[in-house]
Amino acid sequence: MADTLKAQHTAHLTRGHVCYSDMGRVLCSITADTVGWHDPIGGLSDAALIKAKYGIARYQEQRNNMYRNGRDSLLIELGKYGLGKKDWWRISISSAK
């Protein structure tokens, strides 16, 4: 996120902004936004927030209409590299310094 924010001189991402990799390459662009702006610094949603806002939905029935919380999504991505909850804690501590 550091390059994304630095290159665009904003911490509020919305339609027309892009996300950059750590090598300065465009990973994706925001083509539509029904919220108005997104705060990439604020933190992750958790299961309780998503359940309260959208209810319970299983991917098998809902497919792309299912909402997954940010915390679980991050853990899934960490798992792809053999990392887990204990590693997330280390990443959080080291990035806060």
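The values are calculated or read from the model by the stated rules, or taken from the named source; none is laboratory data. Note that the structure is a prediction, hence the values are computed from the model and not measured. We work out accessible area using only protein heavy atoms, side chains counted, and drop any ligands, DNA or RNA first. Shrake-Rupley method; radii C 1.70, N 1.55, O 1.52, S 1.80 Å.
Data for the structure
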| item | result |
| --- | --- |
| Exposure ranking of Asp22, Asp46, Asp87 by accessible area [1.4 Å probe, largest first] | Asp22, Asp46, Asp87 |
| Protein accessible area in the chain, 1.4 Å probe - carbon and sulfur % | 54 percent |
| Estimated [θ] at 222 nm from DSSP helical runs (n ≥ 4, -39500 (n - 2.57)) normalised by residues in the chain, nearest 500 | -11500 deg cm²/dmol |
| Accessible area in the full protein assembly, largest first, 1.4 Å probe, for Arg15, Arg71, Arg58 | Arg15, Arg58, Arg71 |
| Correct option for Rg/Rh (Cα atoms, Kirkwood Rh) [calculated from the coordinates] among [x] 1.07; [y] 1.18; [z] 0.99 | [z] |
